[in-house]
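The block underneath contains the structure these notes are about, expressed in structure tokens.
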Amino acid sequence: MPEQIIYMCKDCGNYFRSTDSNLVYVEGLKCINCGQSIRKKEEDQGKKCDKCGGQIKDCLMPICTKCKSSNVKVGGSISSFG
Ligand SMILES: [Zn+2]
Ligand SMILES: [Zn+2]
């Protein structure tokens, strides 16, 4: 069983799961230090994190299943969610 991760949309407050069938991922960038994620843009190549100056690496980030925002935070795994 793949680990189920809960995500929360910071724009509309929607909760969704990594296992949701309608979940879509977009290419993004993520700080390996603080976990800050940003939507990928050309000018962000090789950039450091705005928050902590940490290294940014490519990742896939989920977009909200409701409003399609990429302003999403990880809310925890299903086990810690109850
Ligand atoms: Zn950072
Ligand atoms: Zn949303």
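Below is a table of values for the structure above.
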| quantity | calculated |
| --- | --- |
| Furthest towards positive pole of dipole, Pro62, Ser18, Cys34, structure part the stretch 5-81, Cβ charges | Cys34 |
| Directionally averaged shadow of the stretch 5-81, computed from the convex hull of its alpha-carbon atoms, nm² | 5.3 |
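Quick note: the coordinates plus some simple rules give every number you see, no bench work behind them. Only a predicted model underlies this, so the values are computations on that prediction, with no experimental measurement involved. Here the Cβ is made from the backbone with ideal geometry for all residues, glycine too, and neighbour counts use every protein chain on show.
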